[in-house]
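To start, I am sharing the structure in question, which I have written as structure tokens.
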Amino acid sequence: RLQITEGRFRAADYRAFLADNAGSIAAFRSRQQRAFADERERWAQNGRADWVSDATVAEAGSDSELDLPDGARAVASHVAGSVWKVLVEPGQTVAAGDTLCILESMKMEISVASPAAGVVERLFCREGGAVSAGQNLLVLKET
């Protein structure tokens with residue numbers, strides 16, 4: 001139960017409280033820091049120690065790094081999330097605006113629409129797979 005006490009905050013009282021409890025505060029901070037270091041070590045062992053921002057992924061996933069045939073373009077995710085449903089397959093013809101796949105991000109379904117009419121050349125994603133913002137999902141050869 002939350003207890004509310006009427007009163008006035010005084011910085012001098014707060015500083016006295018910190019001085020009286022300096023030992024236990026330092027011990028807590030030391031345990032906290034050790035626990036965090038242990039957690040970071042587990043991240044490193046599981047390959048999750050290096051954080052990569054979605055902006056970094058978007059820069060790295062540019063069309064220039066793909067070997068795209070003439071008239072083809074990559075279609076990328078606009079958000080970080082997971083691939084909920086892939087609605088196309090290689091060789092399939094699509095119209096501009098057709099839904100290519102559905103992403104799930106923050107409990108929302110986000111449709112990825114075809115930017116142009118064309119044929120799906122390659123898929124870079126699969127249902128259930130994680131994607132970052134800017135990550136290429138597929139290659140579309142425009143018709």
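The values are calculated or read from the model by the stated rules, or taken from the named source; none is laboratory data. A quick note: this is a predicted structure, and the numbers were derived from the prediction, not measured. All Cβ positions, even for glycine, are placed from backbone atoms using ideal geometry, and neighbour counts span all protein chains on display. Ligands, DNA and RNA are excluded from the accessible area calculation, which covers all protein heavy atoms including side chains. Shrake-Rupley method; radii C 1.70, N 1.55, O 1.52, S 1.80 Å.
When all alpha-carbon pairs of the chain are counted, what percent fall beyond 20 Å?
Numbers: 6567 of 10153 pairs.
For the chain, the share of Cα pairs beyond 20 Å comes to 65 percent.
Note down the relative contact order for segment 70-143 as a percent, whole number, built from C-alpha pairs under 8 angstrom at least six residues apart. It would help to have the intermediate numbers written out before the result.
Numbers: 190 pairs, mean separation 32.4, N = 74.
That works out to 44 percent.
So what are the radius of gyration and Dmax for the Cα set of segment 87-143, in Å?
Over segment 87-143's Cα set, Rg and Dmax evaluate to 11.2, 35 Å.
Compute the accessible area per residue over the chain, keeping the other protein chains in place, probe 1.4 Å, unit Å². Numbers along the way, then the final one.
On the way: 10320 Å² over 143 residues.
That works out to 72 Å² per residue.
Also: Dipole size in debye (nearest 20) for the chain around its Cα centre, Lys and Arg Cβ +1, Asp and Glu Cβ -1? Write out the running numbers ahead of the final one.
Details: 16 positive and 20 negative charges, 218 e Å.
In debye, rounded to 20, the chain gives about 1040.
Given labels modelled 7 Å from the Cα in the Cβ direction, how far is it in nm from Phe9 to Ala26?
With each label placed 7 Å out from Cα toward Cβ, I get 2.6 nm.
Any idea what the relative contact order of the chain is, in percent, if you count C-alpha pairs under 8 Å spaced at least 6 apart?
Relative CO of the chain lands at 25 percent.
For segment 76-143, state which GluC sites (Glu not before Pro) are in a DSSP loop and have at most 13 other beta carbons lying within 10 Å of their beta carbon.
On the way: sites: Glu104, Glu109, Glu121, Glu127, Glu142; in loops: Glu127.
Sites meeting the loop and neighbour criteria: Glu127.
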